[in-house]
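J.: Structure below; questions to follow.
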Amino acid sequence: MSNKSSQNPAIDKATRIFHFIANHEGATYSQIFQGLSLPQSSTSALLNSLVTNGLLRQNDGKYYLGLVLYEFGNKAIEQFNIRELATAPLTYLRDKTNLACHLGILDGRSAIYLAKLESPNAITIKSWLGKRLSLHASGLGKILLAWLPEQEIDQLLPDEQLPQYTQNTIITRTDFKAELKTVRERGWAFDNEEDLEGITCIAVPVFDHHGKVVAAISTSGVRFQMPDDKIDTFAKYATEAANMLSSSISK
């Protein structure tokens, strides 16, 4: 252990605990102090403090990373120059689809646009940097939730009944979770006029080097710009763009 870390033993222990839990996808109290060779008494007090502050959560006798860490991670991504890294992938996607393309992250209980490239078409959709979108009725929102643990999804969507924006909006959490299963299996999400009448969107996850979803890339347009026979092709282009960004982030 370096001198720098030994000067902050509590922070060093907490960091080791975070890494241990992340690598084991959750761990019991005994697994943590035995696996890290930590003293039982101070480990118990530290775990309780981390749970109280939302850095860890406890369920069925096991500790998991808390939602606060996920929120911190998103803020770190926002502060990281991901916008610059996203320029080339978004340009590629825009040129392939001729539609507006966005980069978004999870921010609290919303998806938010961090970057946008306008469509070259005369008909465009209205969006802007910093615009917030609902999690259950947007392509970005679906992607940003699809790979989260179910308990975190429940925290972000605490009610079974969900707001309805159009006749296509998914209005129950149960049905939405079924939609997320489809998203994970397919690898991309589709907003079928669920947030706004006449507007469709395809979104794809951006992964970090740990395989965690840290952002999403999307392409959006009015319904006739995204006909059924082009959806799979546009999803392929979006996946290629997202893979480009994932590779850049992981370097």
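J.: Compute the Rg/Rh shape ratio of segment 154-210: radius of gyration over Kirkwood radius, all on alpha-carbon atoms.
T.: Values: Rg = 12.7 Å, Rh = 12.6 Å.
Reported Rg/Rh, Kirkwood definition of Rh: 1.00.
J.: How many percent of Cα pairs in segment 105-174 exceed 20 Å? Could you put the intermediate results ahead of the total?
T.: On the way: 856 of 2415 pairs.
Result: 35 percent of Cα pairs exceed 20 Å.
J.: While we're on this one: What is the angle, in °, between the Cα long axis of helix 40-52 and the longest principal axis of the Cα atoms in the chain? Nearest 10 is fine, range 0 to 90.
T.: 30 degrees
J.: For an R0 of 41 angstrom, estimate the FRET efficiency from the Cβ-Cβ distance between D208 and D60 and round to the nearest 0.05. Don't skip to the end; give the middle numbers.
T.: Numbers: r = 27 Å, r/R0 = 0.67.
After rounding, the FRET efficiency stands at 0.90.
J.: In bins 10 Å wide, starting from 0, what share of all Cα pairs of the chain does each bin hold, as a percent?
T.: 7, 29, 30, 19, 10, 4, 0
J.: Also, quick follow-up: Mind checking the full-extension length gain between Q34 and T15? Use 0.36 nm per residue of separation minus the Cα-Cα distance, one decimal, nm. Mind showing how you got there, number by number?
T.: Numbers: separation 19, 0.36 × 19 = 6.84 nm, distance 1.58 nm.
Roughly 5.3 nm would be gained on extension.
J.: Can you pull the percent of the chain's accessible area that's carbon plus sulfur, 1.4 Å probe, other chains left in place? Numbers along the way, then the final one.
T.: Numbers: 6360 of 12460 Å².
Of the solvent-accessible surface of the chain, carbon and sulfur hold 51 percent.
J.: Need one number: the % of Cα-Cα pairs in segment 166-251 sitting beyond the 22 Å mark.
T.: Values: 1120 of 3655 pairs.
Summing the P(r) tail past 22 Å for segment 166-251 gives 31 percent.
J.: Here's something else I'd like to know. Where does helix 228-250 land angle-wise versus the long Cα axis of the chain, in degrees 0 to 90, nearest 10?
T.: For helix 228-250, the angle is close to 40 degrees.
J.: Additional query: For segment 27-130, what number results from the quotient of the Cα radius of gyration and 2.2 N^0.38 Å? Please report the intermediate quantities before stating the final value.
T.: Details: Rg = 20.9 Å, N = 104, 2.2 N^0.38 = 12.8 Å.
Scaled against compact globular proteins, the figure is 1.63.
J.: Continuing with the same structure: Can you tell me the orientation of helix 9-24 relative to the chain, as the angle in degrees between its alpha-carbon axis and the longest Cα principal axis, to the nearest 10?
T.: 60 degrees
J.: Additional query: So, R0 is 22 Å and r is the distance between the beta-carbons of Q155 and L129; what FRET efficiency does that work out to, to 0.05?
T.: On the way: r = 27 Å, r/R0 = 1.21.
It comes out at approximately 0.25.
J.: Take every Cα-Cα pair in segment 86-221 and report what % of them are more than 19 Å apart.
T.: Details: 4207 of 9180 pairs.
Above the 19 Å cut-off, segment 86-221 has 46 percent of its Cα pairs.
J.: If you project the alpha carbons of segment 84-143 onto their three principal axes, what span does each projection cover, largest first, in Å?
T.: That gives 31, 26, 18 Å along the principal axes, largest extent first.
J.: Next question. Take the alpha carbon atoms of segment 56-74, find their center, do the same for segment 140-169, and report the distance between the two centers in whole angstrom.
T.: One Cα centre to the other: 18 Å.
J.: Simple spin-label model, 7 Å along Cα-to-Cβ: K236 to T182 in nm?
T.: Simple spin-label model gives 2.2 nm for this pair.
J.: Spelling out what I want: for every residue of segment 155-166, take phi, set θ = phi - 60°, compute 6.51 cos²θ - 1.76 cosθ + 1.60 (Karplus), and round to whole Hz; glycine and proline get x.
T.: Result, ordered by residue: 5, 6, 10, x, 9, 5, 8, 10, x, 9, 10, 9 Hz.
J.: Using alpha-carbon positions, what is the distance between the centroids of segment 226-251 and segment 170-193, in Å?
T.: 18 Å
J.: Still on this model: Could you pull out which residues in segment 119-146 have an amide N less than 16 Å from a spot 7 Å beyond the Cα of N168, following the Cα-Cβ vector?
T.: 125-126, 134, 136-143
J.: OK, next. Accessible area per residue, 1.4 Å probe, Å², for segment 54-160: what's the number? Don't jump to the answer; show the numbers that get you there.
T.: Working: 4770 Å² over 107 residues.
I get 45 Å² per residue for this part.
J.: Past 20 Å, Cα to Cα, is the threshold; run K116/K177; K96/K181; K126/K181; K13/K62; K131/K236 against it and keep the listed order. Present the calculation step by step, with values, prior to reporting the outcome.
T.: Numbers: K116/K177 28 Å; K96/K181 28 Å; K126/K181 29 Å; K13/K62 18 Å; K131/K236 25 Å.
Cα-Cα > 20 Å for K116/K177; K96/K181; K126/K181; K131/K236; rest within.
The values are calculated or read from the model by the stated rules, or taken from the named source; none is laboratory data. Since the model is a prediction, treat every value here as computed from it, not as a measurement. Using ideal geometry, Cβ is built from the backbone for each residue, glycine included, and neighbour counts are taken over all protein chains shown. For accessibility, only protein heavy atoms count, side chains too; no ligands or nucleic acids. Shrake-Rupley method; radii C 1.70, N 1.55, O 1.52, S 1.80 Å.
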